[in-house]
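One structure below.
The values are calculated or read from the model by the stated rules, or taken from the named source; none is laboratory data. Note that the coordinates shown come from a computational prediction; the quantities given were computed from them, not determined experimentally. Neighbour counts are summed over all protein chains in view; Cβ atoms, including those assigned to glycine, are modelled from backbone coordinates with ideal geometry. Each accessible area value is taken on the protein alone, full model and side chains, heavy atoms only, with ligands, DNA and RNA left out. Shrake-Rupley method; radii C 1.70, N 1.55, O 1.52, S 1.80 Å.
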Amino acid sequence: MPPADDLGGPSLVQRASSGRLRRGLFWREPSLVLIFIFAGAFVAQAVTGGPMSWGLSGQALADGRWHVVISHMLAHAGLGHLFANGSALLALTPIVVRRFGHDRSGWARYGLLFAGSGFVGALAFVVAHLADGVPMVGASGAICGLWGAVARIRPEGGFASLWSRQVGGHTKAFAISNAVVFGIVYLLVSMSGGTGGIASEAHVGGFAFGLLATPWLAPLAGRTVEHTTFNPSSG
C-alpha cells in the first residue's frame with residue numbers, strides 16, 4: 001500500500017477511506033461502478049470459455065482481435081485476482097476523485113486517467129512480449145496508474161514535483177510491492193506446476209502514465225506543482 005504522507009499521521013489512503021464512509025460518499029465513487037463491471041465480466045468469461053479469450057497479446061492483435069485492447073482490462077484470472085484489484089480500487093480511488101471532483105467532469109477525468117493508464121500499460125506489455133505471445137488479463141496497469149496519481153497528489157492541495165520526497169517514497173513502495181508480489185506468484189506457480197505470472201511491464205507503464213498525466217488531467221484550480229526535491233540519503 002502507498003506510504004504515509006510527508007506530514008505525518010495517517011496516509012492519504014487511510015484518511016480518504018475513513019472520510020468516504022463517514023460522509024456516505026461510498027456510493028458516489030467510480031470504483032464501485034468498475035467493481036460491478038468487473039464482477040459482471042467475471043461471470044461472462046466463466047460461460048465463454050475462460051479469461052484467455054479476453055486476454056491481450058501480440059498474437060491476438062495480429063489475428064485481428066482488437067477487442068482485447070479493452071476486454072483484457074475487464075477480465076481476471078480468478079477470484080483472488082478480482083479481489084486484489086477491487087481492494088486496490090477502493091483504496092486509491094477516493095484520493096483521486098477527491099482531487100478531480102465528484103461531478104461529471106471529475107468522473108470524466110478519472111475515466112481518462114484509468115483508461116490512459118490501462119492503454120499505456122497494455123502497450124508496454126505487448127512490446128515486451130511480441131515474440132512469445134503471452135496473453136494478459138486484468139486492470140492492474142490502469143490501477144497502477146491510480147497509484148501514480150496518488151503519488152503526485154499533495155495532502156493539502158497542489159501536486160508534488162516528480163523529484164519530491166513524496167513521489168520518491170511512493171515509487172519506492174511501488175517497486176517493492178511489485179517485487180514482493182512477483183516473488184510470491186512465481187513461487188506459487190512453480191510449486192503448482194502451472195503457468196502465469198505478473199505483468200510487471202503493464203504495472204510500470206500504468207504507474208508512469210499516472211505520474212506524468214495527473215497534474216494535466218486535474219481541474220485548472222488544482223494544477224499547482226510544488227517544486228520540492230527528493231533527497232535519497234534521507235530515506
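Taking the criterion of being surrounded by fewer than 21 Cβ atoms within 10 Å (Cβ to Cβ), in a helix (DSSP H, G or I) and out of contact with any His (no Cβ under 7 Å at 6 or more places or on another chain), the residues of region 48-64 that qualify are 52, 53, 59, 61, 62. Look through region 104-121, keep the residues that are under 27 Å from residue 80 (Cα atoms) and open to solvent by less than 10 Å² (accessible area, probe 1.4 Å), and return whichever of them is farthest from the chain's Cα centre (by Cα). Checked region 104-121; the qualifying residue farthest from the chain's Cα centre (by Cα) is 110. For region 83-99, enumerate the residues that are within 16 Å of the chain's Cα centre (by Cα) and either outside any helix (DSSP H, G or I) or of a type outside the set (S, T, N, Q) (or both). The answer is 83, 84, 86, 88, 89, 90, 91, 92, 94, 95, 96, 97. For region 8-47, the set of residues classified as within 16 Å of residue 86 (Cβ to Cβ), surrounded by 13 or more Cβ atoms within 10 Å (Cβ to Cβ) and modelled with pLDDT under 90 consists of 13, 17, 20, 26, 29, listed by residue number. Yes or no: region 47-64 includes at least one residue that is over 25 Å from residue 150 (Cβ atoms), of a type in the set (Asp, Glu) and without any contact (Cβ under 8 Å) to a residue 40 or more places away in the chain. Yes, region 47-64 has at least one match.
Of all residues in region 177-207, those satisfying the criterion of being open to solvent by 20 Å² or more (accessible area, probe 1.4 Å) and at pLDDT 95 or above are 203, 204.
Restricting the first member to region 90-108 and to residues that are in contact (Cβ under 8 Å) with a residue 60 or more places away in the chain and hydrophobic (A, V, I, L, M, F, W, C), and the second to residues that are open to solvent by 50 Å² or more (accessible area, probe 1.4 Å) and not in a helix (DSSP H, G or I), the beta-carbon pairs closer than 8 Å and six or more apart or on different chains are 91/1.
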